[in-house]
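The values are calculated or read from the model by the stated rules, or taken from the named source; none is laboratory data. It should be emphasised that the depicted structure is a prediction, and the values quoted were computed from it without experimental measurement. Every residue, glycine among them, receives a Cβ derived from its backbone with ideal geometry; neighbour counts consider all protein chains shown. In case anyone asks, the SASA skips ligands and DNA or RNA and just uses the protein heavy atoms, side chains included. Shrake-Rupley method; radii C 1.70, N 1.55, O 1.52, S 1.80 Å.
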Amino acid sequence: MGKSMLPLLFVFLLHVSASWAASDPLFNTISQCVSAQAKLQSGELSKILVAKDSPSYTSVLQNYIRNARFNTSATPKPVIIVTPTAESHVSAAVVCAKKSGIQIRIRSGGHDYEGVSYVSDVAFIIIDMFNLRSIDIDLKTQTAWVQTGATLGELYYSISQKSNTLGFPAGVCPTVGVGGHISGGGYGFLIRKFGLTTDNVVDAKIVDVQGRILDRKSMGEDLFWAIRGGGGASFGVILSFQIRLVTLPPTISVFHLERYLEENATDIVVKYQQVAPTTDENLFMRMLVQPVDSKVKKGEKTVRITIIAEFQGDANTLVALLGKEFPELGLKKGDIAEMSWIQSVLWWNQIPNGTAPSVLLERNVNDADFVRRKSDYLKTPIPRAGLESLWTKIVAIGKPGLVFNPYGGKMNQIPPTATPFAHRAGFLFKIQHSITWSEPGPEEEQLHTSEIRKLHDALTPYVSQNPRSAYLNYRDFDIGISQKGTYEEGKVYGEKYFNQNFDRLVQVKTQVDPENFFRNQQSIPTRSKA
C-alpha cells in the first residue's frame, strides 16, 4: 500500500471506530496491516475486523461461546475479532498478529470445554471462522470439501440433500464446528464401523505461521498427520478438510432403553462391558450412568442406566443379534425404530420424528449452559464389586454422570500411530464425565467442579494408567497446562492426550512453528523451548 493511501485509511478507520482507534494503537496497526496484506478496499475492512467498541462486538463474541462459564464480565476478552470471509483474510490475520506480537485464538463452533478457542490470559485476537462454511460434495468421488466454520449439522444436511445412501462418521451435536471436531479426532455413532472422524480425512488446507495457504501436498505428510487428531490450533489455522463420505444401508435401527438399580441394571452393565466393544461393528451402544430419584423408594436417590444404540441394519437382525449376545437387556422389536441415516441424526438429538432435516441448519447462537467435562479410557471391564462401589459414590456425589462410548470394530484395525489419536486396539471404552448446570456464580462453579472431580477420583482404580489417558476434544485443564510453553509442561498433558504420539507431534511443531507462535494453555510445545 502506497503512502498516499494511508491518510484515506486512517479517515476510514476513525469513521468505523473513532474512540477505539484513538485509544488503542494496536487496532490501527492490525487494521492497516490486514488491509495491506489482503489488498482490501476500505469498505471491506469493517466487515472482517470487529473492534471492542463496535456495536456488533458483544454479539459476535457471544454467538459462539458454547460454555457459559466463559461468558462473564470477568472473562478475558479479545482485543479484536477477525471474521474472515475469504481465505486470504485468514492469511493476513496470521501475518499481522505475528508482526504485532499478539496471540490468536481460532474458533469454529466454540464448543471447547475450557474455552481455549476464545479465551486467553494474555492480549489476543480471535479469528472466528463462522463465515467460512462452504460445503462442496462430489458424488462421483464420494468426497466433500468442508470449510472449518461449517457445523456438523450443516454438513449432515448437505449430504442428505445430495444422496440417500451416503453419510459421514462424526459427532452427535449439530452445532459443533467442523474445524475443532475433526482436528481433535472426532467420533460419533459410526465409530465402530468407520473409525474416527479424522480417519476419514483425505486432504486439508491450512494457513501456516508464515501466512502461506498449504494443502496436503505442499504441507507434507508430517503436518498432515499432526492436524488429524493432534489439534489444528497448535500448527496453524485450518481452512478446510476434504473428507471421505461413507456408504450406509437404507434402513438403520435405533433404540433407547432405561434400567434402574432396583431392576437389573448392574447385571446389564456387567454384560454390556463384555458385549459393546466386541459385538458386530455395525452396532454402537452408548451407555449413560446417572444419579436420579428412585422410582421405588420415595425421597431416595438411585442410579439409572440408559443404553442408546444405533445399528446399521434392520430391526429383526438387531433383535436376533442381541437376543444371542445380550439377552439380559431384554430387547424387543417394539423397542426399536427403523429410519434413514439422516433421520437417525435427528433422533440422536431428540428431535421429534417427522421434523424436516433442515432443522440441522439452525446454529442456536448465544445459547449455552454451564458445563464441565472430563474423560477416561477403560482397558479392562469394571468388576461387579467395583460397579457397586461406584454406584454408591455416584449417588453420594449427587449430580455428575458418565457416558460410556464403546470402541472395537474399526478402531481395533487402525494402528495407534496412524494419526495422533493413539487410543485404538486395547481400549474398550472412552468415558466422558459430565456435569451441566444453569445457575451462574463462582459458588455454583466451585461446587459442581468439586463434584465432577470427585467422580473422576472415584474412577481412578479402574481406568487406564501410566498415563491416565484423556481425549483432546474433551479438553480438561485439570490434567495440566502450559504457562511458559516448555516441553516439560506440555509433556504432562500431551502424553495423556496422545500417549506415544506426543513426541512426534513435538517434532512436527518444532519444524513448522519453531517460535511457538500458535500456542495456548494446552498446545503442543516445541523442542527449542525445553
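Quick notes on this structure:
- Here the 3J(HN,Hα) profile of segment 131-140, calculated from phi with Karplus coefficients 6.51, -1.76 and 1.60 at θ = phi - 60°, is 7, 8, 9, 5, 9, 10, 9, 10, 5, 5 Hz, Gly and Pro shown as x.
- Per residue value of the accessible surface for segment 243-333 (all protein chains in place, 1.4 Å probe), Å²: 43
- Nearest-ten-degree value, helix 152-162 long axis tilted from longest Cα axis of the chain: 80
- Per residue value of the accessible surface for segment 89-153 (all protein chains in place, 1.4 Å probe), Å²: 32
- Other residues with beta-carbon under 13 Å from the beta-carbon of MET219 carry, at +1 per Lys or Arg and -1 per Asp or Glu, a net charge of -1.
- For LEU428, the residues whose modelled amide H falls within less than 5 Å of its own, excluding neighbours fewer than 5 places apart on the same chain, are LEU378, LYS379.
- With Cα atoms, 0 to 90° folded angle of helix 87-100 axis to the chain main axis: 70
- Rounded to 10°, Cα long-axis angle of helix 487-498 versus longest principal axis of the chain: 40
- Lone cysteines, the chain (no partner Cβ under 4.7 Å): CYS173
- The alpha carbon gyration tensor of segment 222-341 gives principal lengths a ≥ b ≥ c with a/c of 1.5 or higher and a/b no greater than b/c, which makes the shape oblate.
- Share of carbon and sulfur in the accessible area of the chain stands at 50%, probe radius 1.4 Å.
- Unit charges at the beta carbon, dipole of segment 337-407: most positive-side option, PRO381, PHE370, LEU402: PRO381
- Where only DSSP H runs of four or more residues are counted, the chain gives -10000 deg cm²/dmol as its mean residue ellipticity at 222 nm, each run worth -39500 (n - 2.57).
- Test item: Cα-centred dipole of the chain, Lys/Arg +1 and Asp/Glu -1 on Cβ, debye: 640
- The chain: C-alpha gyration tensor shape, a/c 1.5 cut-off, then a/b vs b/c: prolate
- For segment 448-460, putting each phi into the Karplus relation 6.51 cos²θ - 1.76 cosθ + 1.60 with θ = phi - 60° gives couplings of 6, 5, 4, 5, 6, 5, 5, 5, 4, 4, 5, 7, 3 Hz, in residue order, rounded to whole numbers and with x for Gly and Pro.
- Listed residues ILE479, SER464, GLY426: farthest to the positive end of the dipole of segment 400-530 (Cβ charges): GLY426
- Taking all protein chains as shown and a probe of 1.4 angstrom, GLU443 keeps an accessible surface of around 130 Å².
- Whole-Å distance, taken between Cα centres, linking segment 450-472 and segment 375-416: 10
- Across the cross-link table entries LYS333/LYS399; LYS430/LYS454; LYS98/LYS509, which are compared at the Cα atoms, the separations over 24 Å belong to LYS333/LYS399.
- Each other residue within a Cβ distance under 12 Å of LEU378 adds +1 if Lys or Arg and -1 if Asp or Glu, for a net charge of +2.
- For the chain, relative contact order (Cα pairs under 8 Å, six or more residues apart, normalised by length) works out to 14 percent.
- Heavy-atom accessible surface of segment 355-514, averaged per residue, reaches 42 Å², computed with a 1.4 Å probe.
- GLU445 - accessible surface, heavy atoms, 1.4 Å probe, Å² rounded to 10: 60
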